[in-house]
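Chemist: Handing you this structure, nothing more for now.
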Amino acid sequence: MLKGSEIGLRARHEDDIPILQTELHDDVVTSSRAAGRPWRPITPGSKESPFAVDDKERRDVAFSVVKLDGGTLVGVATLWGIDDHNRSAHIGLGLLPSARGKGYGTDVVAVLCHYGFVVRGLWRLQAETLSDNVAMLRSAERNGFVREGVLRSSAWVMGEFLDLVLLGLLVQDWKPDPGRHRTGEGRVPEPAPAAEGRDGSPRQGL
C-alpha cells in the first residue's frame, strides 16, 4: 500500500466494485462528468464494470483509495496512459460522496505523484478536468501542477459543451513532503534526480 497523510492507495478488491459502481457509476451526473463518455447502466457483477481491473494492462494502474484509520473505502485513483518512452502519464481520481470536502483529494494527488515520479521514474504527470471542478483544480495545484491551457468546449456533458483545463507537473518542479509518502510501514527516501535527456479513468476529483 502507498500511504499519504490520511489515505492509502491499495489494489482494487472484488468487494470494492459494487460499492464504487453504486456510489460513483450509478450517479448519472457524476459518472458523465468524470468518464468522458456517455453513461449507460451496467448490470451488477458485470465484468464490463469500469471499476473491474485487468491485471494484464500495463498502461493503466488502478487503485482503491482507503482511509488509513480503519481502512474504509473512500474512492478510486488511477495513473493512466503510461508512456514509458516519453516518461509521462495522466492522473485521475474519484471520491465517494461521503468523502468529499475533507481534503482527501489533495492527499490522493500527492500519493499519485509519489508513485509516478518515485516508483515509476516518470518525468511528467498530466491532469485534465472540467473547468468548473474547483476541487480537482485545487488538489492538483496544491501539489505543484500548473495550468497549461484550456481545451475550449471539448467535453460534452449532460447536454452542453464544457471547457477542459489541462494541468501538468514535471519531476524537477515537484516538491514532495518527505514525511507524507510511505509504502508499508517504512518511509520512502527522497528520490534521486531523474536523468536528463495517458479504463474509463475519472478525469476529475470528486
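Chemist: Excluding residues fewer than 8 places away in the same chain, name every one of the lysines whose C-alpha is closer than 18 Å to that of LYS102.
Modeler: LYS3, LYS67
Chemist: Moving on. Whole Å is fine, so just give me how far the alpha carbon centre of segment 111-180 lies from that of segment 81-104.
Modeler: 8 Å
Chemist: What lysines sit close enough to LYS56 to cross-link, taking a C-alpha to C-alpha distance under 18 Å and skipping anything fewer than 8 places away on the same chain?
Modeler: Reachable lysines: LYS47.
Chemist: Here is a follow-up. On the accessible surface of the chain, probed at 1.4 Å, how many percent belong to carbon and sulfur atoms?
Modeler: Using a 1.4 Å probe with all protein chains present, the chain comes out at 51 percent carbon and sulfur.
Chemist: Follow-up question, since we're still on this one. Count charges around ARG40 for me, please; just the other residues with Cβ under 14 Å from its Cβ, Lys/Arg as +1, Asp/Glu as -1.
Modeler: Neighbour charge sum, excluding ARG40 itself: -2.
Chemist: Between MET1 and GLU57, how many nm apart are label points set 7 Å from Cα along the C-beta direction?
Modeler: 2.4 nm
Chemist: Would you mind counting up the charge near LEU167? Only other residues with Cβ under 9 Å from its Cβ, with Lys and Arg at +1 and Asp and Glu at -1.
Modeler: Spelling it out: positives minus negatives among the neighbours equals -2.
Chemist: Based on C-alpha coordinates, I'd like the Rg and Dmax of segment 1-88, in Å.
Modeler: Just the Cα atoms of segment 1-88 yield Rg and Dmax of 13.9, 39 Å.
Chemist: Kirkwood hydrodynamic radius of the chain from all distinct Cα pairs, in Å?
Modeler: For the chain, inverting the mean 1/r across all distinct Cα pairs yields 17.2 Å.
Chemist: Provide the percentage of antiparallel DSSP beta bridges, counting only those with both residues in the chain; round to the nearest 5.
Modeler: Expressed as a percentage, antiparallel bridges in the chain total about 95.
Chemist: With a probe of 1.4 Å, find how much accessible area the chain has per residue, and write the answer as a whole number in Å².
Modeler: With all protein chains present, the chain gives 51 Å² per residue.
Chemist: Give a residue-ordered list of calculated ³J(HN,Hα) values for segment 139-149 (Karplus: 6.51 cos²θ - 1.76 cosθ + 1.60, θ = phi - 60°; whole Hz; x for Gly, Pro).
Modeler: In residue order, the calculated couplings are 4, 5, 5, 5, 9, x, 5, 10, 6, 9, x Hz.
The values are calculated or read from the model by the stated rules, or taken from the named source; none is laboratory data. This one's a predicted model, so the numbers in the text were calculated from it and none came from an experiment. Virtual Cβ from ideal backbone geometry, glycine too; neighbours counted across all protein chains shown. Remember, those area values only see protein heavy atoms, side chains included, never the ligands or the DNA or RNA. Shrake-Rupley method; radii C 1.70, N 1.55, O 1.52, S 1.80 Å.
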